[in-house]
Every structure is written in structure tokens, then in C-alpha cells.
Amino acid sequence: MTGSNRVASYYLENNKYMDIHIKMSDFMDEELQRIREMKMKEMIKNLRRDRMETVIEVNDESFQEKVIEQSKGVPVVVDFWAQWCMPCMMLGPTLDKLAKDYNEKFVLAKVNMESSRGLAQRYGIMSIPAVKMFKNGKVVDEFVGALPEPQIKDWIDRNLGDS
Amino acid sequence: MEGSTYDLAIIGSGPAGLTAGIYAGRYLLNTLIISRESGGTIMEAHRVCNFPTYNEIRGFDLSRKMIEQVGELGIHIKNETVEKLKENDGFFEIKTNVGTHRSKKLIIATGREKRKLGVAGEKELLGKGVSYCATCDAAFFKDKNVAVIGGSNSALTAALLVAEYAKKVYIIYRRERFFRADPAWVRITDKNEKIEYMFNSEVGSIKGGNSVEKLVLKDGLEVEVGGVFIEIGYEPNREIPKQLDLKTDKGYIVVDNMQKTNVGGVFAAGDVTNNPLKQVITACGQGAVAAMSAYEELNKENDGLKDNEKGIQGLAIQ
């Protein structure tokens, strides 16, 4: 029984015919409000999901949470790059595209070497672009250089497959 | 994708391939550009200062503009890796990692890549101290001893850049002096106190565990370094010419001034050819000529068919 029927039968049973019209409209407002809230929640959920962000920027400070911790739930592909590195500029758009294509199967995290020197040292980066796949907080595979898209796809498939 | 026959397939999307694409587009040829990645080696050029209309432009941006222009003409660039090229019944079959394409004419514009040393440890230690891009990686070698292999302008400029960070830079070169570098650069490296020359020296192997630790030269001498930058020039792709039986000179495809190769229907343009100047502007020029040559041949063949009353196969002019 829908809510409005329920309320209608209540008023009918209690002989409050006169009130029905007014109370129904109150109820309708209430129901509309409830629907509005439900829609809102759904929208926020979708928004969050979109923002579960398949492409993120991380640095020395956010790396622990956004890469190490997050990789315990979903694989994180980290792209170590810099503005002065032309092969990095070539690789960037390819990785963006793949992150979108794979639709939340992994998160792409970009680390700018200019502002994240600590991470360069911690992960022994000596050549960029350097791309590392994190799972359960650990590096499981990596490659260096602006590889062509088909090769990167193979690399991703291989690594997502083992999970 | 499968089954369709293109008038023209262009392999490679550097300046030569893209210019060929622009011309082919304007000739209304049904054209396909296939390329491992879009852009070519010019994308990695820090600055291009000799291309008309720009005093200075990043190679990356110049390339993007060309790709946009090709896109405006409705020509698709497929990012696929060519595995096998062969001629079959008057058509060219291009097998890629994705599928097989067919075309009537072919332009090879696959350019060239940085040459590898080809020694033990080079591949294994890539990204762990072995680098082919000084502008990318110089900053990671702060206070380290580093070697630059080669003796051309690019080797000397790499050494100068690395010296801004490193403690010491050895330039290791197989000849007894810098024959191929501009004297202006040599004068600058001469004065740099961090740079030391090692002439008549060739690398035998690169050693290291987690990262590069030393080089062993062919004469047995060991050089302790934390990094090696390899700047020994470029090399064309040799696989495609071999598959099509194209005549080459030192690996570069031999072309005439119409960009024709020794195989009918196959043209070549840009750095992959035996042209005397490997620059964006010459690659563009060759790409344009190659497209025109292909167009003329298609036109002639089309007329020939009509004359013989074989019916009109038609150029893909829609």
C-alpha cells in the first residue's frame, strides 16, 4: 500500500472526511520532500562515485592515503612525471584515456617530480616517465618510458588479471 | 575496419606522415594513418627554432597542431603497432596488433629512434641509471658521478645539462676527438670543470644491482658511475624495409625525388629515408611530395582502368 493510500484510509476510517483534502496535501508535500531527499542522496552517491576519481594528483603528503591505502581496495597506477620531460607529456594523455576506458578498474595517480622529490627518492626514480602498479600497498610491476598504447594495455591487463 | 580498402595508408605520424596525411586529405583520398603513438620523435624536442612561422615552439606543441590539422580533414590516426606488411594481389596488407588493413598505396614515414649501445646491462638497468633522455632525467643524479656516451652535439649538450646536477661527468667517446660536434659546444664543455673526456673508449658492459654502479670499458678499465646517458645518435626502423624488400642505404630507405622506393606503390618520407637533412621542414616537404606521387599514380591507374573498360573503380572522392 502506498503512503497516500494509507493516509487516505486512516482518515476515512476515522470519519475525518473534511480534513482529508488538507491533510492529503500536507502528506503530498512530505512525500515530495522524501523523494527529493532520496534523489539528492542518489546524486551525491553518483557524484562521489565519479569522484572516486579514476585520475588523481598526489604528492609527498597525500601518497600514503591516496596510493598506499587506496591500493588495498583498488589497484593504483602511479605515473611519475615532470613538465620538463617531453616523453612524459606524450604518455600522460594515453594513460588518462586508458584510465577512462578501464572505468574504475584502476585509479591513475599522477606524481609531479618537481614538487614530490621525497617520493622520487623513496621509489628510486632515476628515469621518467616511470609508471608503477600498486596493489595492497606494494609495487607489483613497473615500466619506464612512453610506451605505445597497445603495450601499456597489455601491461595493465596482465597486472589486473592476477588480482 | 576489417575489409575496407584505403587508397592510401601512411605508416608513422611524425611531421612526414602527418603532412602526407594533410595533402592526401586535400586530394580527397581515402586515407589511413597508422602509428604506434601519435607525434613522432619531434615531440621530444625541447624547442624547435627553425620551423617557419615560429621563432620557437615546443616539439610537443608543433606536433599537436599538425595532428589537429589532420583531424580537421577527417583523417583518422589509428594507434596500432604494425606487425607485418606485404603486397598481395596489387594491394598492400597491413597487419597490426588490432587487425588487418588494406590499401592501394603505401607511404612509409616511420622515422628513427635513439640508438642503443647494445651492451650487457643496458636493458636490465633502464630506468635504474641508464637513460636516453638527459632533459628528463638529469635532475635525478644530484651529486653523483655520471657518464655520457657519445661525441655529437646531443652528447655534449646532455653532458652540460647533467653537469648542472652531477658531481662529475665523464664523456666517453670511441674516437680521439669530437669530430662531429660544433666547435662552439666543444669550447663550452672544455671549460666546464665537472666534465672529463675519455676518448678512444668504448663501453663493454654496464654493471649494477638495484642501480648502475660502474661501466666496464672494452679495454678493461672500470669507471664508477651512478648513471649513464646514452647519446649515440639515431637509427631507422629496419623491420619494415626488410618485409617489403625496400632498398636501403645504412638502414635508411633509398628514395628518388618523387619519394618513390624501388617497390612500386611504396613511397617513403622523412627521417626514415636517405635524405641529407633530418629536420621537421624536410620531413614535411617529403611527406607532401610522397602524397602527391601516390595521388598521381592512383589517378593514372584509375584512368587506365577506364580505358580498358574494366569499369570505374573510382578514387574515394565522395
> Restricting to strands (runs of 3 or more DSSP E) lying wholly in region B:120-198: which have 2 or more residues that are under 25 Å from the mean Cα position of the chain (by Cα)?
Replying inline: B:145-149, B:168-172
> Quick one: how many residues across region B:132-149 are open to solvent by 20 Å² or more (accessible area, probe 1.4 Å) and free of Cβ contacts under 8 Å to residues at least 60 places away in the same chain?
Replying inline: 2
>> Residues that are more than 18 Å from the chain's Cα centre (by Cα): list the strands (runs of 3 or more DSSP E) wholly contained in region A:54-124 that include at least 1 such residues.
In response: A:76-81, A:107-112
>> What's the total number of residues in region B:114-131 that are in contact (Cβ under 8 Å) with a residue 40 or more places away in the chain, within 11 Å of chain A (Cβ to nearest Cβ) and surrounded by fewer than 24 Cβ atoms within 10 Å (Cβ to Cβ)?
In response: 3
>> Just to be sure I understand, how many residues within region B:150-177 are away from chain A (no Cβ under 14 Å), open to solvent by less than 10 Å² (accessible area, probe 1.4 Å) and either touching a Leu at 6+ places or on another chain (Cβ under 9 Å) or β-branched (Val, Ile, Thr) (or both)?
In response: 4
> Out of the residues in region A:54-108 that are surrounded by fewer than 20 Cβ atoms within 10 Å (Cβ to Cβ) and among the small types (Gly, Ala, Ser), which is nearest to A:Leu119 (Cα to Cα)?
Replying inline: A:Ser62
>> Residues that are under 24 Å from B:Asn275 (Cα atoms), open to solvent by less than 60 Å² (accessible area, probe 1.4 Å) and touching a residue at least 12 places away in the same chain (Cβ under 8 Å): does region B:78-86 have at least one?
In response: yes
>> Residue under question is B:Lys65, and the condition is that it be in the same structural domain as B:Ala291 (by TED's automatic domain parsing) and open to solvent by 30 Å² or more (accessible area, probe 1.4 Å); does it hold?
In response: yes
>> Checking the conditions here, which among A:Asp96, A:Asp157 is away from chain B (no Cβ under 12 Å), among the acidic types (Asp, Glu) and farther than 26 Å from B:Arg58 by Cα?
In response: A:Asp157
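The values are calculated or read from the model by the stated rules, or taken from the named source; none is laboratory data. Keep in mind it's a predicted model, so treat the numbers as computed, not measured. Backbone-built Cβ (ideal geometry, glycine too); neighbour counts: all protein chains shown. For the accessible areas, the whole protein counts, side chains as well, though only heavy atoms, and no ligand, DNA or RNA atoms are used. Shrake-Rupley method; radii C 1.70, N 1.55, O 1.52, S 1.80 Å.
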